[in-house]
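Scroll down for the structure; my scribbles are underneath it.
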Amino acid sequence: MSKSINRREFLKRGSALLAAGSLPLSLVEVAFGKNDPENFTFAYLSDSHITHIKGKEFVRNWDRGLIRAIAETNLLDPRPDFVFYGGDIAQLGKPEEIDHGLEILSGLRGDVHYVMGEHDYYLDLGDYWRKQLGPDHYSFDHKGVHFVVLNSILTYDDWVNKWGGPMERMQQMARLDNPQGSPFMVGEAQRQWLKQDLEKVDKNTPVVVLSHSPLQKIYKGWNFWTDDAEQVQALLKPFRKVSVLYGHVHQIQYNQIGNISFNSAMATAWPWPYPSSYKQAASYLPKLTVEMNRADPFFERDATGWQFINMHTGNVDVHYLLPDNQNRVVAFDRKAGHPADTKFQPVADRIPPQTHY
Amino acid sequence: MKIKTPTCLLLAASTAVLAGVASADPFTQADLERWKAEYMASVEKGEKLFHGGLKSKNTVSCDQCHPNATNIHPETYPKFQQQLGKVAVLGEMINWCIMNPLESDPLALDAADMVDLQSYIHWERRGVPLAPGKH
């Protein structure tokens, strides 16, 4: 029943968007070089935080964000080869939330590859998510690119086992600014797996790694952080072109560390402030990042969004689709050797809403 | 502009003198400690309300969008809140959040919960200079 309502809503939304011409369809076509068979795009949605209230009630705002992102993704033409979902389907890891989220996500046209988020994991340590979606770390090759998905939101066993029950543990991890939180990590077992997985990959093959948390250290207080980031980076170092895509931060971030480019995803649910706006602690947002526009809370989709990505350079160019705001493109600048905003990178070209405080 | 001293204040002051209660003498270390303790008790209550303690009909809580009470900018209020079409105090914006993202009922501007929320929000922003009216 609710499925058919969702379908109708997709169609209604979709035709409204088409009429408004709000998708940058020409950009998609530019991304495809007609003579290069290796060119392709994929879409990237993340952080929907579907929240169960009671019975059949879910938080409307977060449902709408995901529904809208899917409706827009379905309008991409040419079609993306596949879609990545970057983690945190659910808010508190409940089967009701994962099921409701997956029901909405079933409206996506094309294959979807999923990444585990901490909000999907800490109720039952990922059991229900894996039952519905399969392994939480895997790799595959697509048109000459090696894709790797990691579960980067594991943490120390002492922390996992110290709580009174599964829901208490989930709620502790769900609180971003929790002074009793615990840092994320990929962990020894997965690093071993990654090492073996990469052994068979040619060093000139572009590698794209998807994780939920940043595989770099930005701000520990909100877990914009992975404790063993350096060890994972070391495994990626021998490759010529490496891109890391991550969710969790609900904001635009990008960075370059050696051969590794980093790009974050916007949330479909709600935006997060930049850590530097917390005045009681130091944080390390990459200097390269031109920040997203400050949100106008009266537009509930402002500072949320989704991404599509083209690989025509072997590096990722990220197109941020931002409802209620101006779209952004962060593309790999070959001359500079790092990702750069195609419009706002020069300091003189930045606009007042990009100043956070 | 003429300012009238309210009669009740004068009455209260004279009663205090008669009863032998300390008046406006220099405050003591105990006073300082009490002021701090009272304020921090309010901060602590506010911190709990902010992180899920507030009655929210849809379970959404303040900290979900505002970790450590960031992106609130209490130092800028009162300010012109374009979306409300007027100069507003912080409490009005807190109520806007309670009514919209939280889909719940607003608080009276002088309700104890409203005061505690603001104690917490200001505490997390301590040290930031006042910037009245800044967008």
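Bear in mind these aren't lab numbers, they're just calculated from the coordinates by the rules spelled out. The structure displayed is predicted, hence computed values, not measured ones. Note: ideal-geometry Cβ built from the backbone for every residue, glycine included; neighbour counts use all protein chains shown.
Skipping prolines and chain starts, which residues have an amide H placed within reach, meaning under 5 Å, of the one on residue A:333, given they are 5 or more residues away or on another chain?
Distant-sequence amide H within range of residue A:333: A:338, A:340.
Can you work out ³J(HN,Hα) from phi for every residue in region A:161-167, in order, using Karplus 6.51 cos²θ - 1.76 cosθ + 1.60 and θ = phi - 60°, giving whole Hz and x for Gly and Pro?
9, 8, 9, x, x, x, 6
At most 15 other Cβ atoms within 10 Å and a DSSP loop assignment: could you name the trypsin sites (Lys or Arg not before Pro) in region B:83-126 that fit?
On the way: sites: B:86, B:125, B:126; in loops: B:125, B:126.
For trypsin sites (Lys or Arg not before Pro) across region B:83-126 that sit outside H, G, I, E and B with at most 15 neighbouring Cβ atoms in 10 Å, the list reads B:126.
Over the alpha-carbon set of region A:287-340, divide Rg by the Kirkwood Rh and report the Rg/Rh ratio to two decimals.
Values: Rg = 12.9 Å, Rh = 12.3 Å.
Over the Cα atoms of region A:287-340, Rg/Rh equals 1.05.
Determine how many Å³ per residue the convex hull of the Cα atoms of region A:91-246 encloses.
Given the Cα convex hull of region A:91-246, per-residue volume reads 112 Å³.
Suppose we take every Cα in region B:31-124 and form the convex hull; what volume per residue is that in Å³?
Details: hull volume 9.3 nm³, N = 94.
Hull volume normalised by residue count: 99 Å³.
Let me confirm one metric for peptide A:50-62, namely the mean number of other chain beta-carbon atoms within 10 Å of its residues' beta-carbons. Walk me through the intermediate numbers first.
Working: counts 0, 4, 1, 6, 2, 0, 0, 3, 2, 7, 2, 5, 3.
That average works out to 3.
In whole Å and largest first, what semi-axes does the C-alpha gyration tensor of chain A yield when each eigenvalue is scaled by 5 and square-rooted? All intermediate terms of the calculation are to be shown ahead of the outcome.
Working: eigenvalues 144, 132, 93 Å².
So the three semi-axes of chain A are 27, 26, 22 Å.
Roughly how many Å is it from the Cα centre of region B:21-48 to that of region A:95-113, as a whole number?
Each part's Cα centre sits 53 Å from the other's.
Tell me the mean residue ellipticity at 222 nm calculated for the protein assembly as shown from its helices only (DSSP H runs of n ≥ 4, each -39500 (n - 2.57), averaged over every residue, nearest 500). Intermediate values should be presented prior to the final figure.
On the way: 14 runs with 150 residues, N = 492.
The per-residue figure over the protein assembly as shown is -9000 deg cm²/dmol.
Please rank A:104, A:70, fewest neighbouring Cβ atoms within 10 Å first, as an exposure proxy.
On the way: A:104 24, A:70 27.
Exposure proxy ranking, most exposed first: A:104, A:70.
When the chain is fully extended, how far beyond the present Cα-Cα distance does residue A:199 get from residue A:162, taking 0.36 nm per residue of separation? Mind showing how you got there, number by number?
Numbers: separation 37, 0.36 × 37 = 13.32 nm, distance 3.71 nm.
Full extension of this stretch gives 9.6 nm more.
Could you tell me how many cubic angstrom of Cα convex hull volume region A:49-127 has per residue? Could you put the intermediate results ahead of the total?
Working: hull volume 6.2 nm³, N = 79.
For region A:49-127, the hull spanned by Cα atoms encloses 79 Å³ per residue.
7 Å from Cα along Cα→Cβ at both residue A:188 and residue A:81: what's the point-to-point distance in nm?
Between residue A:188 and residue A:81, the label points sit 3.6 nm apart.
Considering only chain A, what is the antiparallel percent among its DSSP beta bridges, to the nearest 5? Walk me through the intermediate numbers first.
Values: 29 of 50 bridges.
The antiparallel fraction comes to roughly 60 percent.
What pairs from A:94/A:217; A:94/B:79; A:162/A:241; A:217/B:48; A:94/A:241 go past 32 Å between their alpha carbons? Intermediate results must be reported in sequence, preceding the final value.
Details: A:94/A:217 29 Å; A:94/B:79 41 Å; A:162/A:241 41 Å; A:217/B:48 28 Å; A:94/A:241 38 Å.
The pairs that break the limit, which is 32 Å between Cα atoms, are A:94/B:79; A:162/A:241; A:94/A:241.
As an exercise, use a Förster radius of 51 Å and the Cβ-Cβ distance of residue A:111 and residue B:35 to find the FRET efficiency, rounded to the nearest 0.05. Don't skip to the answer; put the middle values down first.
On the way: r = 62 Å, r/R0 = 1.22.
Result of the calculation: an efficiency of 0.25.
Sort B:62, B:97 by Cβ crowding within 10 Å, fewest neighbours at the top.
B:97, B:62
Using the Karplus curve 6.51 cos²θ - 1.76 cosθ + 1.60 with θ = phi - 60°, what ³J(HN,Hα) values do you get for each residue of region A:204-212, in whole Hz, with x for Gly and Pro?
8, 6, x, 10, 10, 10, 10, 9, 7
Would you give the gap between the C-alpha center of region A:288-312 and the C-alpha center of region B:60-132, rounded to a whole Å?
24 Å
If you take the Cα Rg of region A:107-191 and divide it by 2.2 N^0.38 Å, with N the number of residues, what do you get? Write out the running numbers ahead of the final one.
On the way: Rg = 14.8 Å, N = 85, 2.2 N^0.38 = 11.9 Å.
Compactness ratio reported: 1.24.
Within a 10 angstrom radius of the beta carbon, how do A:153, A:218 rank from fewest other beta carbons to most?
On the way: A:153 28, A:218 25.
If I rank by nearby Cβ atoms, fewest first, I get A:218, A:153.
Provide the FRET efficiency to the nearest 0.05 for the residue B:28-residue A:172 pair, computing r from the beta carbons and using R0 = 51 Å.
Details: r = 41 Å, r/R0 = 0.81.
E(calc), rounded to 0.05, equals 0.80.
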